[in-house]
Amino acid sequence: MCGIVGATAQRDVVPILMEGLKRLEYRGYDSAGIAVVDDAGCLTRVRQPGKVAALEGEINNALHGRLGIAHTRWATHGEPTQSNAHPHVCRESVAVVHNGIIENHEELRKAQQEKNYEFTSETDTEVIVHQVYDYHVAAGKDLLESVRLAVNDLRGAYALGVISNKEPGRLVAARLGSPLVIGIGIGEHFIASDVAALLPVTQRFIFLEEGDIADLTQESVTIYDSTGKKVERPVRKSELTADAVDRGGYRHYMLKEIFEQPQALAETLEGRLANDRVLEEAFGVDASRVLDTVEGVHIIACGTSYHAGMVGRYWLESIAGIPCRVEVASEFRYRRPVASKNTLVVTLSQSGETADTIAALKEAKRLGFGHSLTICNVPESSLVRESELVLMTRAGPEIGVASTKAFTTQLVAMMLLVIVLGRRHGMVPETETRLVEQLKSLPGTIERVLELDSLINTLSEQFADKHHALFLGRGAMYPVAMEGALKLKEISYIHAEAYPAGELKHGPLALVDAEMPVIAVAPNNELLEKLKSNLQEVRARGGELFVFADRAAGVQHTPGTQVLEVAPIDDSIAPIVYTVPLQLLAYHVAVLKGTDVDKPRNLAKSVTVE
């Protein structure tokens, strides 16, 4: 996931920009670059593939300036090479850094080539710098007006930082669909894609809104909205500090990562939605061509990622109307599957280094399956390198062995895939609009679910002496129940199983008694009444029920049935939302049990061997 830092100051900004890039490394990237205007008015750029350390070594204290922009890039258009790294420069005068995707880059490129602009990269970003130059230098307009005119020519999502040696000391920023913040200093101002990048120099920030363009100098910040009207945006003080402890005051990394989910989901959606549509080039430069050929999907994964794939299967078939199979990677490798050349092989992995999943992808290629897509959290991983299309989940570092935010961001990524495939298989535009609105609402919805933490902590006390548990769900909530059971067994060492609720009479009901807590997830959907009947079967046999239910579902508190109410939500995103209280339940039970929550026995974060 790309990162932006920019500064205009009365001091050398190069150390500030480099420190900012280091603080954005967690986002994942494959190259880095910096451009500054020095005191002589020369614009100088340095770029390197690989790590920020390589860029720092190339600069070697030889670059200085009071105005500059810097960038860490994750490749979408073009390979991770020096020529594709940002910033992009036009005729040694204008430099641009960009997060996002420009959908109409091909038509802009063609028009610019007709004007004799030279292209030195394969990126969509390069059309931006030429467009700004065309207005700014060729047409003689000031930098602010040139950026305003240029972004009017763009379709897609962007966060931009733009500088010119014609106007040293001026930094222009713009955003649409990708976040950008302004850092407020004394005699200096900054931009960044993430507050964390600027914490060493300021704790005061302005968060730009959709369509905003900001004009920054050493002395002032002026912001214009999408209509060109000058506006005031509030200055907020961050409670974070540059030397904050890694766990941020949380008792365990797992709890911290559970509470990071609203931000992680927002990051995963960043730059991938615009005008109530999913930008399918987020999957790669050839995504449209590849997706046009897809007639079916075959998902391959392990553990928690397998559960995400199972949810994806329900969505792909019910929403997108496309057939889907889901398989444990270690089984796929050895069962001699029959290949289908129009099937998209989708691999899911937090680390991208899961040995069975990598081997399964290679086997799928050998057998002659169609195109491949990986949904992954680590840009430099083996799965990413092996796959034709890539969608990064942007969960950020996940230290706890039991996956939390990596799972929910995988679900968001799966929904993005469902939408872009659904377009090709009869899904009406109104459905996409509704789903995009639901995705946009997710971070706020999860924030409200996290407010249940203290109630779930209290509820967990009833599991302290238990040795077994049963999880139930129906439809897309069945894999959510599986994930809840996995979390409980991973970190509390309580034996837990999950079943489709309709399977109770086919064996699991024999296990139910007062010592076997039964946890059910009950969103308000078309299977609710059937689930209620299943729950009555449990109560009739003396089982203790713990139900996470939609407030409107009508599940009643009764002796033997405890209900924890979740605010009403759309059924399409219910699997993502209902996962969170199950994570909290597992966490608090594990704390009561006194286990090593972040490093449970016998388990590793990434399974890199068979």
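Charge dipole of region 1-70 (Cα centre as origin; +1 on each Lys and Arg Cβ, -1 on each Asp and Glu Cβ, all else neutral): 160 debye, rounded to the nearest 20.
Taken one residue at a time, the phi angles of region 133-142 give Karplus couplings (6.51, -1.76, 1.60, θ = phi - 60°) of 4, 4, 7, 7, 8, 5, 9, x, 8, 6 Hz. Gly and Pro are set to x. Pair-distance distribution P(r) for the chain, from all Cα-Cα distances in 20 Å bins starting at 0: 20, 50, 26, 4, 0 percent.
Model label points for ARG601 and GLU461, set 7 angstrom from Cα along the Cα-to-Cβ axis, are 2.7 nm apart. Amide H to amide H distances under 5 Å link ILE322 with GLU317, where only residues 5 or more positions off or on other chains count and H is placed in the peptide plane. Ligands, DNA and RNA are left out, and with a 1.4 angstrom probe the accessible area of the chain is 39 Å² per residue. For region 98-239, a crude dipole built from +1 on the beta carbon of Lys and Arg and -1 on the beta carbon of Asp and Glu, taken about the Cα centre, is about 400 debye to the nearest 20. Taken about its Cα centre, the chain carries a charge dipole of about 640 debye when Lys and Arg each add +1 at the Cβ and Asp and Glu each add -1 at the Cβ. Straight Cα distances below 12 angstrom link LYS115 to the aspartates and glutamates ASP134, with same-chain residues fewer than 8 positions distant left out. Converting phi to 3J(HN,Hα) with the Karplus coefficients 6.51, -1.76 and 1.60 and the offset θ = phi - 60°, region 480-492 yields 5, 4, 4, 5, x, 5, 4, 4, 5, 6, 4, 10, 9 Hz in sequence order, with x at every glycine or proline.
Using a probe radius of 1.4 angstrom, the carbon and sulfur fraction of the accessible surface of region 254-362 is 47%.
The residues neighbouring ALA469, those whose beta-carbon lies less than 15 Å from its own, together hold a net charge of -4 under the Lys/Arg +1, Asp/Glu -1 convention.
What is the helix-to-structure angle for 528-540, meaning the angle in degrees between its Cα long axis and the longest Cα principal axis of the chain, kept from 0 to 90 and rounded to the nearest 10? Approximately 40 degrees, to the nearest ten. Taking the DSSP bridge list for the chain and keeping only pairs wholly inside it, about 60 percent are antiparallel. Taking a straight line from the alpha carbon of LYS530, these lysines sit under 19 Å away, with near neighbours fewer than eight places off in the same chain left out: LYS505.
Within the shell defined by Cβ-Cβ distances under 13 Å, the residues around ALA53 carry a net charge of -2, with Lys and Arg each +1 and Asp and Glu each -1. In plain terms, the chain from ARG336 to ASP276 could stretch by 17.4 nm, reckoned as 0.36 nm per residue minus the Cα-Cα distance. In the chain, the DSSP-assigned H stretches of four residues or longer account for a calculated mean residue ellipticity at 222 nm of -10000 deg cm²/dmol, using -39500 (n - 2.57) per stretch and the full residue count as denominator. The phi torsions of region 109-114, fed into the Karplus equation with coefficients 6.51, -1.76 and 1.60 and a -60° offset, translate into couplings of 4, 4, 5, 6, 5, 5 Hz, rounded to whole numbers, with Gly and Pro shown as x.
Candidate cross-link partners of LYS341 among the lysines, defined by an alpha-carbon separation under 28 Å and a same-chain spacing of 8 or more, comprise LYS362, LYS365.
Taking a threshold of 28 Å on the Cα-Cα distance, which of the pairs LYS22/LYS487; LYS256/LYS466; LYS256/LYS440 fall above it? Don't skip to the end; give the middle numbers.
Values: LYS22/LYS487 33 Å; LYS256/LYS466 26 Å; LYS256/LYS440 22 Å.
In this structure, LYS22/LYS487 lie more than 28 Å apart at Cα.
Close amide H pairs (under 5 Å, H built 1.01 Å from N) link ASP30 with ARG73, TRP74, ALA75, residues at least 5 positions away or on another chain. VAL338 exposes around 130 Å² of accessible area when a 1.4 Å probe is run over every protein chain in place. Taking only Cα atoms, what is the 0 to 90° angle, nearest 10, from helix 429-450's long axis to the longest principal axis of the chain? Value to nearest ten degrees: 80.
Among 4-14, 568-578, the peptide with the highest mean count of other Cβ atoms within 10 Å heads the list, and the full ranking is 4-14, 568-578. Of the whole protein surface, LEU273 contributes about 20 Å² of accessible area at a 1.4 Å probe radius. For region 50-113, a Kirkwood radius taken over Cα pairs fed into Stokes-Einstein (25 °C, viscosity 0.890 mPa s) yields D = 176 µm²/s. Taking region 70-96 and a reference point 7 angstrom along Cα→Cβ of PHE119, the backbone N atoms nearer than 11 Å belong to 78. Between GLN536 and GLN562, residue separation times 0.36 nm minus the direct Cα-Cα distance comes to 8.0 nm. Counting Lys +1, Arg +1, Asp -1, Glu -1, what net charge surrounds GLU295 among other residues with beta carbon under 15 Å of its beta carbon? Charge balance near GLU295 sits at +3. In this structure, LYS505 and ARG448 have a Cβ-Cβ separation that, at R0 = 56 Å, corresponds to a calculated FRET efficiency of about 0.95. Cα centroid separation, region 298-341 to region 348-369: 12 Å. Here the accessible area of region 79-159 is 39 percent carbon and sulfur, with a 1.4 angstrom probe and all protein chains present.
The values are calculated or read from the model by the stated rules, or taken from the named source; none is laboratory data. Everything quoted here is computed from the prediction, not taken from an experiment. Cβ coordinates were reconstructed from backbone atoms using ideal geometry, including for glycine residues, and neighbour counts include every protein chain displayed. These area figures cover heavy atoms from the full protein model, side chains too; ligands, DNA and RNA do not enter into them. Shrake-Rupley method; radii C 1.70, N 1.55, O 1.52, S 1.80 Å.
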